[in-house]
Amino acid sequence: MKRYAIYFAPPAGPLMQAAAEWLGWDVEAGRAVAQPPIAGLTDATAAPRKYGFHATLKAPFRLAEGVQPDDLTEALGAEAAHLPPVMLQGVRIEALAGRFLALRPEGDDSALRNLCAEVVIRFEPFRAALTTEEIARRNLSALSPRQQELTAQFGYPYVLEEFRFHMTLTGDLPAPELARLGAEAQAWFGPHLTRPFVIGQICLYGEDQAGRFHLLSRHTLSG
């Protein structure tokens, strides 16, 4: 694998299956799947498709020198064993930043923020430093000073107080498409959005040589 990421993904079941079909990529099976016949969906999901359905905890990174994939998997299992699950009031479909559709938490998400911060900090030793090319792709000039600091420290700007939990459903869309596909997404995902919504696992994803992400392992939060 070229890179690894620590994500949240729901357990195997109806929501994961619905999301795989919506995006056109099944991260568990590692294969493309047919999308529902919704106008414009294939183009709208092109950007998030390669990542598969997930919420980012620690963004994709290359392994630090001397770190093996098994080291990361073992450490993730140990970390999950002492982290408690997080119960959210629910999740709902939102137009995040007015640009793209995502599933976002309802109610108090402070415990979830703490979980993400713990994962980001704990697994920083496993991450190789950003290359010059990777830094250039971060487009630092578009970030706030604090986000630039976080990128320098953790390789990603949207962590700690900048973290916004979300499960991406589309790329950037114009306002009319956001509204139209938002209604389609509500109809497609609505039956599978349980209340409460439990964050009960953390997952290791890996990026193959073609740039597609695969779900490599699940680790139950049992602290």
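Data overview
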item	result
Amide H partners (placed H, <5 Å) of Phe165, local residues excluded	none
Cα long-axis angle, helix 145-154 against the chain (0 to 90 degrees, to the nearest 10)	60
Of Gln186, Gln209, Gln35, the one that fluctuates the most in a GNM where the chain has Cα springs shorter than 10 Å	Gln209
Amide H contacts under 5 Å for Ser217, placed H, 5+ residues apart	Leu204
Cα-projected label distance for Ala81 with Gln17, points at 7 Å along beta-carbon direction, nm	3.3
Cα-based shape type of segment 43-158, given that a ≥ b ≥ c are square roots of the gyration tensor eigenvalues and the cut on a/c is 1.5	oblate
Prolate/oblate/rounded label for segment 39-94 (Cα gyration tensor, a/c 1.5)	oblate
Per-residue HN-Hα couplings for segment 170-176 [Karplus 6.51, -1.76, 1.60; θ = phi - 60°; Hz; x = Gly/Pro]	8, x, 5, 9, x, 3, x
Simple Cβ-charge dipole of segment 94-187, Lys/Arg +1 and Asp/Glu -1, about Cα centre, in debye nearest 20	160
Extension gain (nm, one decimal) between Thr132 and Asp43, 0.36 nm per residue minus Cα-Cα	29.0 nm
Inter-centroid distance (Cα atoms) of segment 18-49 relative to segment 147-202, Å	16
Within the chain: Cβ-based charge dipole about Cα centre, in debye rounded to nearest 20 (Lys, Arg +1; Asp, Glu -1)	260
Segment 62-68 - phi-based ³J(HN,Hα) in whole Hz, Karplus 6.51/-1.76/1.60, Gly and Pro as x	7, 6, 5, 4, x, 8, 9
Cα gyration tensor shape for the chain, rounded if a/c is under 1.5, else prolate or oblate	rounded
Rounded tilt (10° steps) of 110-122 against the dominant C-alpha axis of the chain	40
Interchain or long-range residues, amide H under 5 Å from Ala128's placed H	Arg62, Leu63, Ala64
Length released on extending from His192 to Glu74, taking residue separation times 0.36 nm less the Cα-Cα span	39.3 nm
Between 0 and 90°, nearest 10: helix 14-23 axis offset from the chain longest Cα axis	80
In Hz, Karplus ³J(HN,Hα) per residue of segment 71-86 (6.51, -1.76, 1.60; θ = phi - 60°; x = Gly, Pro)	4, 5, 4, 5, 5, 5, x, 5, 5, 4, 5, 10, 9, x, x, 10
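Read-outs throughout are calculated quantities, based only on the coordinates presented, and are distinct from any laboratory measurement. All values derive from a computational prediction rather than experimental measurement. In this analysis, Cβ positions are derived from the backbone assuming ideal geometry, glycine residues included, and neighbour counts consider all displayed protein chains.
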